[in-house]
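K.L.:
My questions will all concern the structure given below.
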Amino acid sequence: MTTKSMPTKLGQNFLTDPAIAEKIVDSANLSKTDNVLEIGPGQGALTELLAQKAGRVLAVEIDKALIIPLKKELNDQKNTEIITGDILKINLPKMLEENNFQNYKVVANLPYYITSKIIRLLLETKYPPTEMILMVQKEVGERICAPSGKESILSISVKFYADPEILFFVPRENFDPIPEVDSAVIRVVQKKDLSRADIKKFFSLVRAGFSSKRKMLLNNLSTSFNLPKDAVSRILKKAGLEPTQRAQELEVENWIKLNETLEKQEIEVLKGLR
Ligand code: SAM
């Protein structure tokens, strides 16, 4: 029976429609040569299908109470290993190395209370997945895959590493218990030519650009880095940008170019500021 409730402990809203589970797993285009990491297998809505289509499956579940029924359910699936643990605390590179999972895809219906943290972890880890098929809260999916002109720190953080796209939406009625929000399934494909930018400096620039949402880039950067406006204006123009632009108008390539331009500046005051 499906019940509507308050937000659940550990984001446990289980997918109830097998056709949607199939659509999610099909989106990963799996073959028997693929390794798949699933985060939060729950009651196994996706896990069994993943086991049938992929070569090997590692599934990390935090809730010990779900593990025994899940293992029972997956009894005949010898290519699947359930690991009890918190994906944010596990030593991910070690787990991937031990399982020979340096090359893998992620397929998951993510726990929504830690979606951004998990995506960030997977993008920044030593062995990032080549591709992820993720069910996320609809609004979060839309923000990650923002169209040009509507970028945010979240969308830039993903687009620095990968190309995200919305695949389809899933209404809330397809979960038990029914959550307060609808969902979106997104595909996130790792970029082949990753920028060589210093990550810390790059994201300090992006955060500075977005520091005050309504303000122009010129003002935000000048305030954050304590630089005269005419110096910031020159840097922006050198990077092919207009000082009147706002952070949300810049695409990831613009931020990369702006970061490079800043790096090349010989302005003493910039040193140590980022
Ligand atoms: N895959 C199942 C499905 O589609 O029905 C369950 C999805 S449910 C939205 C999220 C799952 O993530 C739950 O089983 C929950 O226990 C698990 N989970 C929550 N936090 C976790 C964490 N930090 N590490 C691993 N699993 C977690």
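A short reminder: the numbers here are calculations on the coordinates, not readings from a lab. Model, not experiment: these values are computed from the prediction. Cβ placement follows ideal geometry from the backbone for every residue including glycine, while neighbour counts extend to all protein chains displayed.
K.L.:
For the range 145-250, what is the relative contact order in percent, using Cα pairs closer than 8 Å and at least 6 residues apart in sequence?
P.N.:
Values: 123 pairs, mean separation 28.9, N = 106.
This gives 27 percent for the range 145-250.
K.L.:
With labels modelled as points extended 7 Å from the Cα through the Cβ direction, what inter-label distance (nm, one decimal) is found for V181 paired with E242?
P.N.:
3.4 nm
K.L.:
Counting DSSP beta bridges with both partners in the chain, what percentage is antiparallel, nearest 5?
P.N.:
Values: 17 of 35 bridges.
Counting only bridges with both partners in the chain, antiparallel ones make up about 50 percent.
K.L.:
May I ask for log10 I(q)/I(0) of the range 38-196 at q = 0.14, 0.15, 0.19 Å⁻¹, from a Debye sum over the Cα atoms as equal point scatterers with solvent left out?
P.N.:
These q points yield log10 I(q)/I(0) values of -0.72, -0.83, -1.31.
K.L.:
Calculate the spin-label point distance for Q190 paired with E22, positioning each point 7 Å from the Cα along the beta-carbon direction, and give it in nanometres.
P.N.:
In this crude label model, E22 to Q190 measures out at 3.1 nm.
K.L.:
So, one more: Could you give the semi-axes, largest first, of the ellipsoid that matches the chain, computed as the square roots of 5 times the alpha carbon gyration tensor eigenvalues and rounded to whole Å? Show your work: numbers first, answer last.
P.N.:
Working: eigenvalues 320, 81, 46 Å².
They are 40, 20, 15 Å, listed from largest to smallest.
K.L.:
What is the local net charge at E260, summed over the other residues whose Cβ is closer than 11 Å to its Cβ (Lys, Arg +1; Asp, Glu -1)? Can you show the working numbers first?
P.N.:
Values: positive: R196, K201, K238, K257, K264; negative: D198, E253, E263.
Overall, the nearby charge balance is +2.
K.L.:
How high is the relative contact order of the chain, in percent, counting Cα pairs under 8 Å that sit 6 or more residues apart? Could the numbers behind the result be given before it?
P.N.:
Working: 467 pairs, mean separation 46.8, N = 274.
Relative contact order here is 17 percent.
K.L.:
Turning to a different aspect of this structure: For a paramagnetic label modelled at 7 Å from the Cα of L10 toward its Cβ, which residues of the range 68-89 fall within the zone defined by backbone nitrogen distances under 19 Å?
P.N.:
Counting backbone N atoms under 19 Å from the label point, the list is 68-75, 81-89.
K.L.:
Using a Förster distance of 30 Å, how high is the FRET efficiency between E263 and K213, based on the Cβ-Cβ distance and rounded to 0.05?
P.N.:
On the way: r = 26 Å, r/R0 = 0.86.
Once rounded, the FRET efficiency stands at 0.70.
K.L.:
Let me know the whole percent of all Cα-Cα pairs from the range 178-274 that are separated by more than 22 Å.
P.N.:
In whole percent, the long-distance tail amounts to 33.
K.L.:
What's the whole-number percent of alpha carbon pairs in the range 16-96 lying beyond 22 angstrom?
P.N.:
Details: 670 of 3240 pairs.
Considering the range 16-96, 21 percent of its Cα-Cα pairs are separated by more than 22 Å.
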